[in-house]
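First comes the structure, then the notes that go with it.
Rule-based calculations on the coordinates, nothing more; no lab input. Since the model is a prediction, treat every value here as computed from it, not as a measurement. Reconstructed Cβ throughout: ideal geometry from the backbone, glycine too, with neighbour counts over all protein chains shown.
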Amino acid sequence: MRVVQVIPSVGDSFYCENCLRDVGLVSALRKQGHEVLMLPMYLPVDLDEDEPSVQTPIFFGGINVYLQQKSAFFRKTPRWIDRLFDSPALLRWVGRKSNMTRASDLGRMTISMLQGREGRQAKELNRLVNWLGAQDNKPDVVLLSNVLLAGLAGSIRKTLGVPVLCMLQDEDGFLDVLTEPYSTRSWEMLTQLAGDIDAFIAVSSYYADVMRHRLQLVADRVHVVYPGISLGGYRRVQGAPEVPTIGFLSRMCFNKGLDTLVDTFINLKRNDKLSNAQLRIAGGRTAGDRDFINQIRQKLGDSGFIDDVEFLQDFDNNARIDFVRTLSVLSVPERQPVACGLYVLEALAAGVPVVEPARGAFPELLEMTGGGVLYEPDNTSALSAALEKLLLDRDYARQLGQQAREAVFAKFDVDQTAAKIARICDGVIQQFQRG
């Protein structure tokens with residue numbers, strides 16, 4: 001198949017599950033012989049070194065999208081001016097300044113993007129569709145990374161005459177925190193725009209049910225395909241560290257519960273049996289997270305345990321594999337239900353058990369892998385007890401990690417994910433061609 005994958009990038013400043021999922025899927029589809037064109041939106045997509053380079057322009061560059069939202073002047077500027085603002089270096093710099101946009105601006109911009117050719121970024125949409133239409137090989141199908149891109153679907157479908165599929169992962173978390181009336185209006189618009197999309201692919205059964213309800217979709221329009229990871233770097237088995245070590249792998253922010261884990265770590269350190277425990281934190285941050293992280297550092301300093309905590313800078317693929325191998329257990333105490341939790345799969349692939357709140361997709365993932373312990377959400381005592389058991393009972397932790405590793409290798413290989421998505425695409429293409 002000839003596939004176009006539209007990927008909205010958040011840049012390279014923090015661990016983004018959607019970006020990792022998209023890039024891994026593109027790579028796996030290519031290895032299986034499909035022609036996949038990856039179109040980045042907003043910010044450059046930074047690929048791992050072994051990923052083949054594909055020369056495509058950036059569409060809906062983050063600066064141009066913002067300027068067109070704020071001023072009618074920039075909705076009419078010639079391309080040579082827009083191209084200046086689409087400089088990859090400039091966009092990467094802006095991507096690290098995520099706190100520049102107010103919540104009300106995000107709401108207005110979301111509505112505008114969903115309006116498609118009626119929105120303030122219509123010039124960007126026309127450019128994308130015209131560029132695709134001018135390519136030598138028309139795609140057989142277009143994959144949108146998430147439902148926030150639904151405003152593109154109608155124009156793509158009509159102009160190119162190909163079906164459009166949409167991935168689903170954690171969009172509700174963004175939409176629900178928009179200020180009103182933008183949150184309600186966005187959901188209403190998405191319910192209507194869903195008719196422009198031929199099929200949806202959710203990353204878990206939990207999230208498929210959520211979005212069927214939120215978008216008022218009939219059951220058979222939403223497929224479930226669990227995201228996979230590239231397992232090549234996890235082939236080598238490594239034993240647990242001698243020093244009890246807790247790990248955190250995600251964006252270092254409030255929503256991911258990093259402060260909860262730090263508070264729990266401080267309490268565990270006061271247990272004589274775990275006085276030598278360590279905490280390792282990876283996953284990056286944005287400019288808006290700086291004050292939050294400084295507060296955490298201050299708390300660790302006041303507790304006297306700052307020297308037992310390490311904040312790591314690197315979180316590319318190789319760095320993440322090396323990181324999880326140093327852990328006894330991984331925990332990301334998410335404050336809200338999540339659609340998947342890719343970091344869970346990365347830890348389990350290395351034989352490292354996890355401790356996660358019993359909500360969202362976590363019960364589903366741990367039932368499939370047997371790789372960890374669930375605790376009552378927002379209950380720090382329960383989180384502490386679960387971590388303590390895995391840190392002190394090394395045989396139990398080793399047993400969970402071993403069976404989870406086997407399950408991940410059997411069920412969550414990205415090549416399996418790509419093959420399933422390819423089959424869904426093929427079925428949709430055939431149905432589309434039949435009319």
> In the chain, what percentage of the DSSP-assigned beta bridges are antiparallel, given to the nearest 5?
Replying inline: 5
> Out of the range 172-267, which trypsin sites (Lys or Arg not before Pro) are coil in DSSP terms and have no more than 10 other C-beta atoms within 10 Å?
Replying inline: ARG235, ARG236
> Based on the Cα gyration tensor of the range 232-411, what are the three equivalent ellipsoid semi-axes, each the root of five times an eigenvalue, rounded to whole Å and given largest first?
Replying inline: 23, 18, 17
> Can you work out D for the chain in µm² s⁻¹ from Stokes-Einstein, where Rh is the Kirkwood radius over C-alpha pairs, the temperature is 20 °C and the viscosity is 1.002 mPa s?
Replying inline: 95
> Over the C-alpha atoms of the range 324-392, what are the Rg and the largest Cα-to-Cα span, Dmax, in Å?
Replying inline: 10.9, 30
> Which order do VAL177, VAL373 fall in if you start with the one that has the fewest other Cβ atoms within 10 Å?
Replying inline: VAL177, VAL373
> Taking other Cβ within 10 Å of each residue's Cβ, how do GLU35, GLU356, GLU17 sort, fewest first?
Replying inline: GLU35, GLU17, GLU356
> Taking amide hydrogens as modeled 1.01 Å from N in the peptide plane, which residues meet the under 5 Å criterion relative to VAL329, leaving out close sequence neighbours?
Replying inline: THR245, GLY247
> PHE409 versus ASP395, label points 7 Å from Cα toward the beta carbon: distance in nm?
Replying inline: 2.4
>> What is the angle, in °, between the Cα long axis of helix 380-392 and the longest principal axis of the Cα atoms in the chain? Nearest 10 is fine, range 0 to 90.
In response: 60
> Using the Karplus equation 6.51 cos²θ - 1.76 cosθ + 1.60 (θ = phi - 60°), what ³J(HN,Hα) coupling, rounded to whole Hz, does each residue of the range 340-347 give in order, writing x for Gly and Pro?
Replying inline: 9, x, 4, 4, 4, 5, 5, 5
> Of GLU364, GLU188, GLU171, how do they rank once you tally other Cβ atoms within 10 Å and put the fewest first?
Replying inline: GLU188, GLU364, GLU171
> Lys/Arg Cβ at +1, Asp/Glu Cβ at -1, dipole of the chain taken about the Cα centre: which of GLY435, HIS223, ILE424 is farthest positive-ward?
Replying inline: GLY435
> So who's got an amide H within less than 5 Å of the one on LEU168, skipping anything under 5 residues away but keeping other chains? H placed 1.01 Å off N, in plane.
Replying inline: ILE201, ALA202, VAL203
>> Need one number: nm distance between label points at ARG290 and ARG108, each 7 Å from Cα along Cα→Cβ, rounded to one decimal.
In response: 2.6
> Roughly how big is the chain's charge dipole about its Cα centre, with Cβ charges of +1 (Lys, Arg) and -1 (Asp, Glu), in debye to the nearest 20?
Replying inline: 1260
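Please get the size of the charge dipole for the range 321-430, origin at its Cα centre, with Cβ charges of +1 on Lys and Arg and -1 on Asp and Glu, quoted in debye to the nearest 20.
Computed about the Cα centre, the dipole is about 100 debye.
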> Which listed residue (LEU348, GLY283, LEU268) has the Cα farthest towards the positive end of the charge dipole for the range 232-356, taking +1 on Lys and Arg C-beta and -1 on Asp and Glu C-beta about the Cα centre?
Replying inline: LEU348
>> What are the ³J(HN,Hα) couplings of the range 4-11, residue after residue, when phi is run through the Karplus curve with 6.51, -1.76, 1.60 and θ = phi - 60°? Round to Hz, x for glycine and proline.
In response: 10, 10, 8, 10, x, 8, 9, x
> Residue by residue, what Karplus-based ³J(HN,Hα) values in Hz, rounded to whole numbers, does the range 185-194 have, using 6.51, -1.76 and 1.60 with θ = phi - 60° and x for Gly and Pro?
Replying inline: 5, 4, 4, 5, 5, 5, 4, 6, 5, 4
> Mind checking the dipole of the range 174-284: about its Cα centre, +1 per Lys or Arg Cβ, -1 per Asp or Glu Cβ, Debye to the nearest 20?
Replying inline: 540
> Using modelled amide H (1.01 Å from N, peptide plane; none on Pro or chain starts), what sits under 5 Å from the amide H of VAL36, excluding residues fewer than 5 places away?
Replying inline: VAL3
